[in-house]
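Here's the structure, in structure tokens; my notes come after.
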Amino acid sequence: MSKEVAFITGAAQGIGESIARRLVADGFAVAIADLNTKLAQQVATSISDEGGQAIAIHLDVSDREGFEAAVHQAADELGGLNVLVNNAGIAPTTPIDSITPELFDKVYHINVASCIWGMQAAVAVFKSLGHGGKIINAASQAGVVGNANLMLYSSTKFAIRGLTQVAAKDLAKDGITANAFAPGIVKTPMMMDIAHQVAVNAGKDDEWGMSTFSKDITLGRLSEASEVAAGVSFLAGHDSDYMTGQTLIIDGGMQFQ
Ligand code: NAD
């Protein structure tokens with residue numbers, strides 16, 4: 001039997017890379033879709049060298065036509081499509097007075113519109129293949145409770161939980177589920193950048209920046225990307241077939257919902 005196929009955006013590093021590697025271990029063939037083509041190719045090559053099946057695809061998730069083409073390419077080259085993970089996102093620090101129309105458009109297109117473009121592309125392919133599928137969107141603990149200084153990021157992550165619920169209702173009749181995952185503070189390049197900015201704003205060093213985050217975590221430590229990937233593995237696999245419209249919070253107990 002051929003492998004199930006997962007298309008993962010932002011999979012060239014951080015949480016996305018970890019998700020790709022975990023889904024390969026689960027038996028999926030994966031498309032590593034990312035703006036950073038060089039890094040995406042390195043991840044795909046490394047997975048292939050270890051015996052997995054992976055291809056790298058260049059993608060700017062805010063480009064609707066590009067997303068459609070990339071999903072079709074993945075389905076053609078990997079022989080199907082079963083799971084879309086809309087993982088790519090950006091998280092600039094945005095005190096209210098710093099927000100411009102240009103920045104608003106950029107963050108909302110990359111974080112929110114991308115999920116819709118991805119869903120449109122994946123749903124069309126699921127239907128053409130005559131089966132359902134799974135859509136999994138990256139939210140955040142910052143999409144469960146508003147986070148200071150992250151007006152744009154935090155509000156896009158609330159929007160992702162909302163569009164996931166709508167998709168769950170609209171797509172159930174086609175055998176498609178839609179769920180989100182909400183990481184806490186994960187040790188990735190994105191988080192290191194945020195910690196750096198917070199530290200610079202406060203006139204402190206990066207270590208201080210990271211420590212300001214761990215104090216609000218019930219489990220008392222930051223998250224590994226693999227711990228988020230474990231939750232996504234559940235959402236991508238058949239053990240979660242009777243689950244849709246939900247946000248799986250994997251944050252070490254930052255938010256209790
Ligand atoms: P990261 O910045 O380390 O990696 C993001 C990847 O997405 C990079 O490979 C980058 O090239 C790619 N990317 C960025 N813009 C893109 C675009 N327009 N098109 C295609 N690819 C693009 O980020 P991460 O920390 O791994 O975060 C992954 C997801 O998890 C994001 O949606 C983020 O908001 C969410 N998240 C992260 C954390 C955390 O603590 N790191 C917490 C909660 C949620």
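The values are calculated or read from the model by the stated rules, or taken from the named source; none is laboratory data. Just so you know, these numbers come straight off a predicted model, no measurement behind them. Neighbour counts are summed over all protein chains in view; Cβ atoms, including those assigned to glycine, are modelled from backbone coordinates with ideal geometry. To get the accessible areas, we keep the full protein, side chains included, count just its heavy atoms, and leave off ligands, DNA and RNA. Shrake-Rupley method; radii C 1.70, N 1.55, O 1.52, S 1.80 Å.
For segment 60-108, the alpha-carbon radius of gyration amounts to 1.60 times the rule-of-thumb value 2.2 N^0.38 Å expected for a compact globular protein. For the chain, the relative contact order comes to 19 percent (Cα pairs under 8 Å, sequence separation of at least 6).
Scanning the chain for chymotrypsin sites (Phe, Trp or Tyr not before Pro) that sit in a DSSP loop and have at most 16 other Cβ atoms within 10 Å, the longest stretch containing none of them is 1-241.
Dipole orientation for the chain: of the candidates 31, 235, 225, 235 has the Cα lying most toward the positive pole (charges on Cβ; Lys, Arg +1; Asp, Glu -1). Over the residues of the chain, the helix contribution to mean residue ellipticity at 222 nm works out to -15000 deg cm²/dmol, using -39500 (n - 2.57) for each DSSP H run of at least 4. Relative contact order for segment 123-257: 31 percent, from Cα pairs under 8 Å spaced at least 6 residues apart, divided by residue count.
Heavy atoms of the protein chains alone define the surface here; on that basis segment 18-95 has 42 Å² accessible area per residue at 1.4 Å probe size. With respect to the chain, whose longest principal axis is taken over its alpha-carbon atoms, helix 225-236 is tilted by about 40°. The charge dipole of the chain, taken about the Cα centre with unit charges on the Cβ atoms of Lys, Arg (+1) and Asp, Glu (-1), comes to about 480 debye, rounded to the nearest 20. Axis angle, to the nearest 10 degrees, between helix 189-202 and the longest C-alpha principal axis of the chain: 20 degrees. Rolling a 1.4 Å probe across all protein chains gives residue 238 an accessible area of roughly 110 Å². With a ≥ b ≥ c taken as the square roots of the eigenvalues of the C-alpha gyration tensor of segment 96-158, please select rounded if a/c is under 1.5 and otherwise prolate if a/b is larger than b/c or oblate if it is not? Because a/c hits 1.5 or more and a/b fails to exceed b/c, segment 96-158 counts as oblate. Taking 21 Å as the limit for the C-alpha separation, the pairs 3/173; 134/157; 157/204 exceed it in the case of 3/173; 157/204.
Taking every pair of distinct Cα atoms and averaging 1/r, then inverting, what Kirkwood hydrodynamic radius in Å comes out for the chain? Roughly 18.3 Å, rounded to one decimal.
Using heavy atoms of the protein chains and a probe of 1.4 Å, the accessible area assigned to residue 50 is about 140 Å².
Taking a sphere under 15 Å around the Cβ of residue 248 and counting the other residues whose Cβ falls inside, with K and R at +1 and D and E at -1, yields a net charge of 0. Estimated translational diffusion coefficient (Stokes-Einstein, Kirkwood radius over Cα pairs, 10 °C, 1.306 mPa s) of segment 145-209: 112 µm² per second.
Could you tell me what percent of the accessible area of segment 110-257 is made up of carbon and sulfur, with a 1.4 Å probe and every protein chain present?
Carbon-and-sulfur percentage of accessible area, whole number: 57.
Other residues whose C-beta falls under 15 angstrom from the C-beta of residue 162 contribute a net charge of +2, scoring Lys and Arg +1 and Asp and Glu -1.
For segment 18-83, the square roots of the Cα gyration tensor eigenvalues, ordered a ≥ b ≥ c, give a/c of at least 1.5 with a/b no greater than b/c, which places it in the oblate category.
Tilt of helix 114-129 relative to the longest C-alpha principal axis of the chain, in degrees (0 to 90, nearest 10)? The two axes meet at around 10 degrees. Local charge for residue 82 was computed over the other residues whose Cβ lies under 14 Å away, with Lys and Arg +1 and Asp and Glu -1, and equals -1.
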